[in-house]
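Let me begin by presenting the structure, written as structure tokens, before commenting on it.
The values are calculated or read from the model by the stated rules, or taken from the named source; none is laboratory data. What you see is a predicted model, and the numbers here were worked out from it, not measured in a lab. Cβ placement follows ideal geometry from the backbone for every residue including glycine, while neighbour counts extend to all protein chains displayed. Each accessible area value is taken on the protein alone, full model and side chains, heavy atoms only, with ligands, DNA and RNA left out. Shrake-Rupley method; radii C 1.70, N 1.55, O 1.52, S 1.80 Å.
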Amino acid sequence: MSTTETSSAPVHVSLHEGVQVVRIDNPPVNAIGSAVRQGLLAAMAQADADANVKAVLIVGAGRAFIAGADIREFGQAPVPPSLPEVCQRIEACGKPVVAAIHGAALGGGLEIALSAHYRLALPGAQLGLPEVLLGLLPGSGGTQRTPRLMGVKAATGLMLSGKPLGAQAALAAGLVDQLSQGSDPETEGLAYVQDLLARQMPVRPTSATLGRLADKATAQAELDALKAETAKTSRGLFSPMKIIECVQAALDMPFAQGIQFERAQFLACIDSPQRAGLIHAFFAEREVVKVPEARAAAPRPLSALAVVGGGTMGAGITVAALNAGFPVTMIERDAESLARGRSHVEKVYDGLIAKGRMTPEAKAATMARYTGSTRYDDVAPADLVIEAVFENLEVKQAVFRELDRVCKPGAVLATNTSYLDIDAIAAVTQRPQDVIGLHFFSPANIMKLLEIVVPSKVSADAVATAFELAKRLGKMPVRAGVCDGFIGNRILAVYKEVAEHMVEDGASPYEIDEAVRGFGYPMGPFQVTDLAGGDIGWATRKRRAATRDPQARYVEVADRICERGWFGQKTGRGFYLYPQGARTGQPDPEVLAIVDAERARKGIAPRRFTAEDIMRRYMAAMVNEAAKVVEEGIALRPLDVDVTFLCGYGFPRHRGGPMKWADMQGLDKVLADIRAFAQEDPRFWKPAPLLERLVAQGQDFDSLNKAAPAGR
Ligand code: 3HC
Ligand code: NAI
């Protein structure tokens, strides 16, 4: 029974038969902002002062325990008390403190639970320290308490991966003391506290013991191994090695000193540009789904899907849809192509079975939702159809005429075209309001990005349905307008071009790839070409040859390579050599000779480019075209460009995306580079008017993210 209730929103305090319940109620996920910290501090003082309080129970209201520190406060002036102070105060309470965890207990949320003396986890609890994903480390005792509770290996793994543990795994790891089966954290927590009181369980601060650090030799050996591995795998990231240093401090220092050390490292991470980039990425990925159409209209029903075309993309899309639980009908031109389409799908599952990541029974259950057909009439029950046939306007228009004939009213008709005009595809149907672009990336069952391309006549609820589909498929949707290449491929074409210019002017493809990898990309642009197949770009270049500006600079190195049949990995050579089917390429002297010959033919005397020279041009080209894409409304906001490149093009996440990168450089610097490069080639380097305007106004791209887009 509740006897007293004091509420200092968002922390509510009430007394239940000697147990002070501290309920954090800060929707949607109980993030710990300054008001929560103040409330918790006051609640602990009250518990110590009130003789009627025998124990304290901390619970979260709503769907989570606590999802961590309020990320929005990072980078702003700190408001006291700090979270480490709050955690210390909880642990120092003179009465047993218990945390009853349901839903997410992440970052600072888990650190609060670890400061309690006992922990109970409900089904569905997720306990983790994801700070590393934001360029941070657990900064409220997490690096000192988790190794004591879980041992070095498990604790460091938790912090370096950022992946949460479920309730059962947390119990096994020593992170919680007990599991309960009920669903209400307060009821379950109160029962647990009463049980602890009945057993006269004492106050039990984790900081007071070494716990699993007691065997120092083993702990040090584990940490040494992790340190060596992290040095190799952290790829220029700042916070992973800082986490290792903090765990070392837990081994070497008394708790209070370890906490101070942790605090200093945490603040160094807060100051790092990587933190700014990663937190921008976190919020951008949540803002990107907020588009005018999804606000204005509800999605249409979505239960059955169809895919036309069973090639690379059609099969990948089918796998993505089957994995999400949809029944899928695949349409192909003839029985032979259909058999090939089905085998492409099965190959993905067979690969998983071979790796032990799927059982044959699970494959059979999944394939039971797959239907293949060569008759368009079989797509009639589908709520949404995705066309993935050859990249040819006439072929696609013929498919859409068929779809128009057979699909039920209200079905959404989507095309996976990479470059074609979707308005021209919609125009051959009687229902352009239902026609949309869904541009998946290869491999479609793996890649997160989905460009949702919005042609002029499509209705808002069809767009909302596409966003709903992305959610159900676990994809990251970005709204794009119709233009050649939409957001991603349009910008890619421009920075690819500048890479080719640099090759002709003196940088080798290998130097460019190395500089791009040094920036944080997993691969450079010429490696990507070799992986995707050089013939794809070659076909596009030939298609565009007739309409290309004859005055514009055109580098023919890639054409010379393709003319020899060197299409990359699949042919054993491209820009690189792949002897005996190797997956990593070796530099090819013959390619360098081709480059030399092209330079000589054009009378270009090669000059030297440092990695920095290369990246300045590469990024300036990317940002300049991206600014045009934003200005034309092809991307709603700069953040939409950032998410496109983070999720579809390997842009290093810790840099936040090209627009965030430009903001962090200073737009004036980027513009100055573009103007300097324009001295050599004014046709290619035309500064985007939006960039010029923002610089003149002293604004950055982020100011446009904050300005409400149309319809908000
Ligand atoms: N701070 C501020 N806002 C947060 C937040 C946080 N820690 N966590 C989530 N939110 C916001 C989101 O931005 C979103 O806002 P919106 O509705 O306005 O877009 C809203 O809460 C709901 O979030 P999601 O859309 O992500 O909801 P999901 O249900 O998909 O996921 C979640 C919930 C698993 C809790 C996920 O939001 C998440 O992973 N949050 C971040 C957790 C995290 O990184 N915590 C560590 C913070 S750093 C820290 O604690 C430092 C400490 O060591 C000192
Ligand atoms: P693909 O050549 O591997 O597959 C095309 C399939 O369509 C073939 O199996 C063919 O038999 C089938 N097909 C052709 N005409 C058909 C018809 N009238 N009815 C039914 N099936 C028909 O091509 P891929 O790579 O899968 O590309 C498909 C589409 O996806 C193209 O528009 C392409 O631009 C786009 N795309 C491709 C990406 C890639 O990386 N390959 C990435 C994103 C989009």
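Here the stretch 96-198 is treated as a sphere whose radius is the Kirkwood value from Cα pairs; by Stokes-Einstein at 10 °C and 1.306 mPa s it diffuses with a coefficient of 118 µm²/s.
When only Cα pairs below 8 angstrom with a gap of at least 6 residues are kept, the stretch 533-605 shows a relative contact order of 23 percent. Here the stretch 67-203 carries DSSP beta bridges of which approximately 20% are antiparallel, counting only pairs with both residues inside. Ligands, DNA and RNA left out, the accessible area of the stretch 6-270 computed with a 1.4 Å probe is 58% carbon and sulfur.
The residues of the chain have, on average, 41 Å² of accessible surface per residue, using a 1.4 Å probe with all protein chains present.
In order along the stretch 561-568, the phi-based Karplus estimate (6.51 cos²θ - 1.76 cosθ + 1.60, θ = phi - 60°) of 3J(HN,Hα) comes to 5, 5, 4, 8, x, 8, 9, x Hz; Gly and Pro are listed as x. Give me the net charge of PHE255's neighbourhood, meaning all other residues with Cβ under 11 Å from the Cβ of PHE255; Lys, Arg count +1, Asp, Glu -1. It works out to a net charge of 0. In this Cβ point-charge picture (+1 for Lys and Arg, -1 for Asp and Glu), the chain has a dipole of about 400 debye about its Cα centre. Couplings 3J(HN,Hα) for the stretch 262-268, derived from phi with the Karplus relation 6.51 cos²θ - 1.76 cosθ + 1.60 (θ = phi - 60°), are 4, 4, 5, 5, 4, 5, 5 Hz, where x marks Gly and Pro.
When the stretch 533-605 is described by a simple charge dipole with +1 on each Lys and Arg Cβ and -1 on each Asp and Glu Cβ, the residue from TRP566, ILE536, VAL555 located farthest towards its positive end is ILE536. The local environment of LYS396, defined by Cβ-Cβ distances under 12 Å, has a net charge of -4 under the rule Lys, Arg +1 and Asp, Glu -1. Ellipsoid fit via the Cα gyration tensor, the stretch 514-603: semi-axes of 23, 15, 15 Å, each the root of five times an eigenvalue, largest first. So what is log10(I(q)/I(0)) for the stretch 186-340 at q = 0.14, 0.16, 0.17 1/Å, when the Debye sum runs over its Cα atoms only? Debye curve over Cα of the stretch 186-340, log10 I(q)/I(0) at q = 0.14, 0.16, 0.17 Å⁻¹: -0.95, -1.00, -1.05. Coupling constants for the stretch 281-286 follow from the phi torsions by the Karplus curve (6.51 cos²θ - 1.76 cosθ + 1.60, θ = phi - 60°), and in residue order they are 4, 4, 6, 4, 5, 8 Hz; glycine and proline get x. With a simple spin-label model that places each label point 7 Å from the Cα along the Cα-to-Cβ direction, the separation between SER34 and ILE604 comes to 5.6 nm. Taken over the alpha carbons of the stretch 35-172 as equal point scatterers, the Debye sum produces base-10 log I(q)/I(0) values at 0.09, 0.18, 0.19, 0.21 Å⁻¹ of -0.25, -1.01, -1.13, -1.35.
In this structure, the amide hydrogen of THR329, modeled 1.01 Å from its nitrogen in the peptide plane, lies closer than 5 angstrom to those of LEU305, ALA306, VAL307, THR371, counting only residues at least 5 positions away or on a different chain. Surface composition of the stretch 500-654: carbon and sulfur make up 53 percent of the accessible area, probe 1.4 Å. Projecting the Cα atoms of ILE386, PHE440, TYR349 onto the charge dipole of the stretch 302-483, computed from C-beta unit charges around the Cα centre, puts TYR349 farthest toward the positive end.
Three principal axis extents describe the C-alpha atoms of the stretch 452-501; from largest down they are 43, 27, 8 Å.
Treating each Cα of the stretch 326-397 as an identical point scatterer and summing with the Debye formula, the log10 of I(q)/I(0) at q = 0.17 Å⁻¹ comes to -0.74. When Rg and Dmax are taken over the Cα atoms of the stretch 142-245, they come to 16.7, 52 Å.
Between ALA672 and LYS471, residue separation times 0.36 nm minus the direct Cα-Cα distance comes to 68.3 nm.
Each Lys and Arg contributes +1 and each Asp and Glu -1, all at the Cβ; summed about the Cα centre of the stretch 302-483, the dipole is approximately 540 debye.
Residues whose amide H falls under 5 Å from that of ASP70, counting only those 5 or more places apart or on a different chain, are ILE32, GLY33, with hydrogens built in the peptide plane. Here is the size of the stretch 6-270 from its Cα atoms: Rg then Dmax, 17.3, 55 Å. Normalised by residue count, the stretch 364-515 yields a Cα convex hull volume of 148 Å³ per residue. Overall, the stretch 533-605 carries a charge dipole of about 260 debye about its Cα centre when +1 sits on the Cβ of Lys and Arg and -1 on the Cβ of Asp and Glu, all other atoms neutral. Note on the chain: Kirkwood hydrodynamic radius from all Cα pairs is 28.4 Å, rounded to one decimal.
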